[in-house]
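Asker: Before we start, here is the structure in question, set down as structure tokens.
Every number here is computed from the coordinates shown, using simple stated rules; none is lab data. Remember, predicted model here, so these are calculated numbers, not experimental data. Note that each Cβ is placed from the backbone with ideal geometry, even for glycine, and that neighbours are counted across all protein chains shown.
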Amino acid sequence: MRAEPGANVSIPPDRAALAPKLLATEGAGTPEELFGLTAYRSSLLAHEVLRLAGDPAVAGFLAETPDSARFLACFLSDPDWLRAYLASGRPIKGTADGLAILREIWLAEGASPDFANYRELAAAIANQWSAGPNANALRIKRNLAKFPAKPLDRFRLFRNLDRAGRLHPMFRKLKSWELGFVVGQQWSDSALVWLNEHANLPLERYPDACWAVEYKGTSDFGDTVQGPLYLRPWSDQMNEAQNARLHGSVCGGLSTFGVTAAAAHGIPSYTVGQPGHCAMAIRFARGDWRGGFGGPDGSPHIYVWQGNIHYIDLMEAVFGDDAGLDRALLWQARSHLLRDAGRADAADAALAAAVKASPLHLDLRREEIARMKEKNLSSPQWAAYADSLLKEFGKHTHPAIDLCREIEPLFLSASDDAGKVAWFAKIHQAAARATESWAWDAAEQLLAPQAKQLTSAAARESLLREALAAHLGGNGSSFGKVLEWGVKGLVERGEGDAFGRAFAAAVAAAPNANPDPQKMKEAYGKAILAAEAARSVPAFQALSKAAAPLVPAAPSPLKLDLPPGTIVSNTAIIYASSSAWDDPLAHLGVLGESGGAIHTKDEATPSITVEIPGGVANLGGVLLVKNDGNQHRLKRVKVSRSTDGATWFPLAESADMPRQWKIEAPPGTAARWLKFEALNEKPEFCHLRNFIVTAK
Amino acid sequence: MIPVPAMIRTLLLLLAYPLAAIAAPAGFGTYQDVRAAAKAGPSDFVVFYAGPDWRPETAGVVRALEAPGGRGALSRLTGWASLTAVDLTEENLKKLPERPDFSPYDLPALALADADGRTFAVAEGLTAATLPQALKALAAAIPVRERRDALFEKAKSAKGVGSAKLYGQGLDQLPFRFSAARKDILTEIKKADPDDASGYTFKYTFSAGGFHESVTEKMIAEKKHAELFSLVDRHLRNPVLLPAQRQALLAAKMQAYRSLDDIPKAVATLREIIRIDPQSEMGVGAVQYIRLLTEPVRLAGLEWESGDNRPTWLPMVADVSAKVAEPGTYQIEFRHRDGHTRFRKAALKSGGRQIATDSNPNESNKFTLTVPQSAKGRPIELWVESQGTGWFAGRGEIVVTKEK
């Protein structure tokens, strides 16, 4: 770093003393020029750190031990360390806990010659144990008598592993916010050490590392994994990783093992909650998260901003822009300094500069909104601001829409139905730009609350039309969810005509859509595929039935050799790994005796899956029938079953599938999903005439 | 960020970590070629699972294997294949006509497979220092595999239960994890011995977790304890079971006794599990299980943690001498921070003698206890019956207040 006069000025650990000194430099240069001076930058960031902690917390911290002052003298004059601390994730606000952790690490290890290399690591640990999303759990684990998770031990652990070359090379480049996904794992320090020693894989295999642990719901002692005793007989004898590896677990334990194994090698990772499941994600590079066990989407358990994969993507965009974030932190700190000094206009200008430096930073945007609320803006001004948010956030529209919803009442409450529908249409157009995320339900989270704000049935029909038109041009999943909402909200309430009108108008109005009514079949095909992508049983069923007059003729009759039980697949949904030479309107027929057709692309392992709503406790069996033509394409095949949609158990396998393959399930076999896979030596098409499921 | 197609991303990744492609020892063949040659032989072959490339150990193992005589005790085998980080991606594994049946999670690793590609011995987490010993151990598995195959051959010409026993003895030669995967042999055993007089079908289809889920839990729920005991006893008479399988069967009895609240018999059953093999996973676990069912929980201070919760009512003991030093009436509150722990019947004890009690039939978290004059200045312990609930998340602090 460039040295300049005054760079080593000692900085008082007292905000009241620091502020006048900083303010006295006003006019000595432009803010940007001042930011270029190490002494100014240190002082400004130091002021911000002390301000965030709060004066009472800092006073208490200083009173605890004389070492606090010694530590602060070093920390507050180190702009890189201050930057690492301020950019470590969720703001460490209203507490000196983060400073206390840094003090502990600095007192124990600050004198080591390579300590400067590990300031980002120390900052990440300080964040995770004080403000991070799992800070409470980590604080509890800190005090455990056996297998604790202690900040200083964790610092030493990663520092020592790095020194020994036992971490992935990416570790050395990670900043504090990224290191949070390494050090913030909740298993004990000894579990991390054990995993570093015993779970060594190439980076590419860590998304599958969960499978080192046997999937097992009941222990050898007969205790269920859904209770506290499953691993308890060994939990005082061995760390969590050893315990899981030796005694098995289910999705939560498997994913935690895989994630912690990666983290133990310095690779950022997170477990992620999904409905009835826990999956995982491993980060291969900045912005490149790869899922394991059904990840990376859902609700990540480590984050800067809570949410789904869209919020992880936003974090990558904001925090991954090192230069932008640097400027934003400095401008934000300056804004706080000036506001505290009563210079509101200058503070607002500094905040605007911070937002300009990092326009997608949610904390800055929330601060900006808070300031705007103090100014009593008019409805049109708020509407224009909301509009600008949608535009500026580009593909990160989910967080932008969430921000907009916080201010919607300020410009929408006085609006009539037409005005509201016009705004909601913009929301859906923005939502359609977002990357695919099954965890963001455009219907439940957007359409449903929007519809509640409308007063007439006609307005709700218009809303559905706008939403369908927007999502028809977007990703398939959201389109399917909107369709499902339309089916549930209108068709199932006897307003099928309104749904039909909205659907037809949306198809006609959608970008690139052909208004020719003859193209309705194509639109229905897309809608059915979207319903399948959204895994929406009601939308799939309703659309398939609505499209019945357009369905091609059923295949020639065939005497079926059905398994025992009653057919339950005719109320189900079917979907394939891909679609080619395929008529989605014929999918529904596959689930019943009349037959239909479903056709994938040529793939090594194409699959076709059926989901029975609610599942069955006693599966009768499955009948799979090949299409009339090209029957040679299906040879080695297998059928698996699942009750959670993520964990699959084999049901049957055939080296040479017959035309009709009847599988009888063992008594008491539970299933909700049934997956048919072709195991091809080289890519091949997969197509079925029937996929019938029975239950006893 | 500009979206990068998956293929380009993989390519960039490979460029970023170029060692990934060169971590295989020189002179090793591809998995596909070596396996085909072994089948034609027929002969055993070795698979080297390379990586991870940044670990110092990996390069050491590769160098050791490349050195003259580096293949040690396995040098007489000619088929040596390597699978690198790139080969081991799911995408590339799918391309193999026959993929390896073993997936190690601690690399570098070596696996020994028979001519049919079935793994029968492995060594994981290798270093240059552990390699010679690992090679010896793998080589020692070859005559065992030969014995196994000889028994299988003998079994083919035998009939009925005799044939099943020979197949079973063949399976018994190698570690259970590999033998349990031999569904082809299991089919032969079932064919030869449909009533399982040999016990081998049960042995090689038994899953402890599966047994507890489909039998133990169900029979306990249906109050068929006697039937469960008799079923377990019948299985325990199977002479070919592994110690771990016997222990798991006994655990079914232990759970049945627990469900009847007969803790002494549950503990006696756990002691049987320990007797079978005290050093085994179940043996070690049973010692801890007995503690969980019988021993008072002694707190280090005036706080309890989730680990202090127990599945059954047991005393929780805390030294409260400093807080109840003076005679008088005290309110003692178990203030939760998380979860819920149940509390009932509290007592103060001094010198092993009870000096105050509160029966607390409604399981309140607050107790009122009076310290008599006679206890003044003596060490005093709080004994309270407690039981965990749910996930045993209950934790908190014990707050002692003297009434005015």
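Asker: Provide the gained length on full extension for the span A:T435 to A:A370, in nm with one decimal, where the gain is 0.36 nm per separating residue minus the Cα-Cα distance. Don't skip to the end; give the middle numbers.
Answerer: Numbers: separation 65, 0.36 × 65 = 23.40 nm, distance 2.87 nm.
Between A:T435 and A:A370, full extension yields 20.5 nm more.
Asker: Would you work out the relative contact order for region A:377-550, in percent, from Cα pairs under 8 angstrom that are 6 or more residues apart?
Answerer: Numbers: 204 pairs, mean separation 33.9, N = 174.
In percent, rounded to a whole number, it is 19.
Asker: Near B:K265, which lysines are there with a Cα under 23 Å away, not counting those fewer than 8 places off in the same chain?
Answerer: B:K218, B:K223, B:K224, B:K253
Asker: Enter the mean number of other protein chain beta carbons within 10 Å of the beta carbon of each residue in B:46-58, as an integer.
Answerer: Details: counts 0, 0, 0, 2, 1, 6, 10, 4, 12, 8, 3, 3, 2.
The shielding value for this peptide is 4.
Asker: Related question: Suppose we keep just the DSSP beta bridges with both residues in the protein assembly as shown; what percent of those would be antiparallel, to 5?
Answerer: 90
Asker: What average number of partner chain Cβ atoms lie no more than 10 Å from the Cβ of the residues making up B:247-259?
Answerer: On the way: counts 2, 4, 1, 1, 5, 2, 1, 2, 3, 1, 0, 3, 0.
Mean shielding count: 2.
Asker: With a Förster radius of 41 Å, plug the Cβ-Cβ distance of A:A509 and A:Q631 into 1/(1 + (r/R0)^6) and report the FRET value to the nearest 0.05.
Answerer: Values: r = 43 Å, r/R0 = 1.05.
With a Förster radius of 41 Å, E is 0.40.
Asker: Oh, and also: Rank the residues A:H471, B:H340 as a footprinting-exposure proxy: fewest other Cβ atoms within 10 Å of their Cβ go first. Don't skip to the answer; put the middle values down first.
Answerer: Working: A:H471 27, B:H340 16.
Result, fewest neighbours first: B:H340, A:H471.
Asker: Let me ask something else. Mind checking region A:319-372 for trypsin sites (Lys or Arg not before Pro) that DSSP puts in a loop (not H, G, I, E or B) and that have at most 16 other Cβ atoms within 10 Å?
Answerer: Details: sites: A:R327, A:R334, A:R339, A:R343, A:K356, A:R365, A:R366, A:R371; in loops: A:R343.
Here the sparse-neighbourhood loop sites are A:R343.
Asker: Quick check on region B:158-202: take the gyration tensor over C-alpha atoms, sort the square-rooted eigenvalues as a ≥ b ≥ c, and tell me if it's rounded (a/c under 1.5), prolate or oblate.
Answerer: Details: a/c = 1.95, a/b = 1.69, b/c = 1.15.
Here region B:158-202 falls in the prolate category.
Asker: Take the alpha carbon atoms of region A:528-574, find their center, do the same for region A:579-624, and report the distance between the two centers in whole angstrom.
Answerer: 8
Asker: Let me ask something additional. Please order B:L77, A:L138, B:L260 by the number of other Cβ within 10 Å, starting at the fewest.
Answerer: Values: B:L77 17, A:L138 23, B:L260 13.
Ranked by crowding around the Cβ, least crowded first: B:L260, B:L77, A:L138.
Asker: What distance in nm separates the two pseudo spin-label positions at A:S388 and B:R147, each 7 Å out from Cα along the beta-carbon direction?
Answerer: With each label point 7 Å from Cα toward Cβ, the separation is 8.2 nm.
Asker: Counting each DSSP H run of 4 or more residues in the protein assembly as shown as -39500 (n - 2.57), what helix-only mean residue ellipticity at 222 nm follows after dividing by all residues, to the nearest 500 deg cm²/dmol?
Answerer: On the way: 43 runs with 488 residues, N = 1100.
Per the formula, -13500 deg cm²/dmol.
Asker: So for each of A:662-672, A:633-643 I average, over its residues, the number of other beta carbons within 10 Å; can you give me the resulting order with the highest mean first? Can you show the working numbers first?
Answerer: On the way: A:662-672: 16.5, A:633-643: 19.2.
Highest-to-lowest ranking by the protection proxy: A:633-643, A:662-672.
Asker: Let me ask you something else. Is the shape of chain A rounded, prolate or oblate, going by the alpha carbon gyration tensor and its root eigenvalues a ≥ b ≥ c, with a/c under 1.5 for rounded and a/b larger than b/c for prolate?
Answerer: Values: a/c = 2.78, a/b = 1.49, b/c = 1.87.
Here chain A falls in the oblate category.
Asker: Across peptide B:120-130, what mean number of C-beta atoms from other chains lies inside 10 Å of a residue's C-beta? Walk me through the intermediate numbers first.
Answerer: Numbers: counts 0, 0, 0, 0, 2, 4, 1, 0, 0, 0, 0.
What the average comes to for B:120-130 is 1.
Asker: Still on this structure, please answer the following. With a/c under 1.5 counting as rounded, go ahead and sort region B:208-294 into rounded, prolate or oblate using the C-alpha gyration tensor (a ≥ b ≥ c being the square roots of the eigenvalues; past the cut-off, prolate if a/b is larger than b/c, else oblate). Walk me through the numbers on the way to the answer.
Answerer: On the way: a/c = 1.83, a/b = 1.12, b/c = 1.63.
Oblate, since a/c reaches 1.5 and b/c is not below a/b.
Asker: Looking at region B:37-98, which trypsin sites (Lys or Arg not before Pro) are in a loop (DSSP not H, G, I, E or B) and have at most 13 other Cβ atoms within 10 Å?
Answerer: Answer by residue number: B:R76.
Asker: Now, a different point. Given DSSP loops and a limit of at most 13 other Cβ atoms within 10 Å, what is the longest stretch of chain B that contains no such GluC sites (Glu not before Pro)? Walk me through the intermediate numbers first.
Answerer: On the way: sites that count: B:E98, B:E222, B:E363, B:E403.
Of all site-free stretches, the longest is B:223-362.
Asker: Shifting gears a bit: Can you give the FRET efficiency to the nearest 0.05 for B:K39 and A:D497, using r as the Cβ-Cβ distance and R₀ = 56 Å? Intermediate values should be presented prior to the final figure.
Answerer: On the way: r = 67 Å, r/R0 = 1.19.
Working from the Cβ atoms, E equals 0.25.
Asker: What is the order of A:H428, A:H198, fewest Cβ neighbours within 10 Å to most?
Answerer: Details: A:H428 24, A:H198 17.
Neighbour counts put them in this order, fewest first: A:H198, A:H428.
Asker: Give a quick list of trypsin sites (Lys or Arg not before Pro) in region A:516-583 that DSSP marks as loop, anything other than H, G, I, E or B, with at most 15 other Cβ atoms within 10 Å.
Answerer: On the way: sites: A:K519, A:K521, A:K526, A:R535, A:K545, A:K559; in loops: A:R535, A:K559.
Answer by residue number: A:K559.
Asker: Oh, and also: Toward the positive end of the charge dipole of the protein assembly as shown, about the Cα centre and with charges on Cβ (Lys, Arg +1; Asp, Glu -1), which of B:P175, A:G273, A:L389 goes farthest?
Answerer: Checking the options against the dipole of the protein assembly as shown, the answer is B:P175.
Asker: Taking the Cα centroid of region B:65-99 and of region B:333-395, what is the distance between the two, rounded to the nearest whole Å?
Answerer: Each part reduced to its Cα centre gives a spacing of 63 Å.
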